[in-house]
């Protein structure tokens, strides 16, 4: 086959490298979109934690788990494709490296932001659970009944039996 001028590559090899570049960019873009969706879900989850709706929180956690699974599935494909891209990058192709590097840096920023927001939600949820535990403990130790809420109703010094024979 004839080589393409200024590249030292034949047409088939160049086409393979361009296909790798396109697929790699598409996967990076998809991964970026997944991380954005994850960040949106974390923001919604923050609001649900603050309002205290258990059913909504369960739904958000399920959605979050699905998005995270998608992120890991795409990442499994991106890693080997990144290696292929670096090994077969087309020489003298201005702009191809810039686009990929821009996507990679955007992904890194989104990953860092996701970790920050996830930790924030985790801390908020821990505080909310502590508040609920304290509330439950205060209900168990109801001050209106000596001995707690399960104590018998008769009080010391008061009648314990009622004469109904008349």
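Every number in this text was worked out from the coordinates using simple rules, so none of it is lab data. Note that this is a predicted model, so its numbers are computed, not measured. Cβ coordinates were reconstructed from backbone atoms using ideal geometry, including for glycine residues, and neighbour counts include every protein chain displayed.
Computed from Cα atoms alone, the Kirkwood hydrodynamic radius reported for segment 8-140 is 17.4 Å. Among 53, 138, a tally of other beta-carbon atoms within 10 Å of each Cβ gives an order, fewest to most, of 138, 53.
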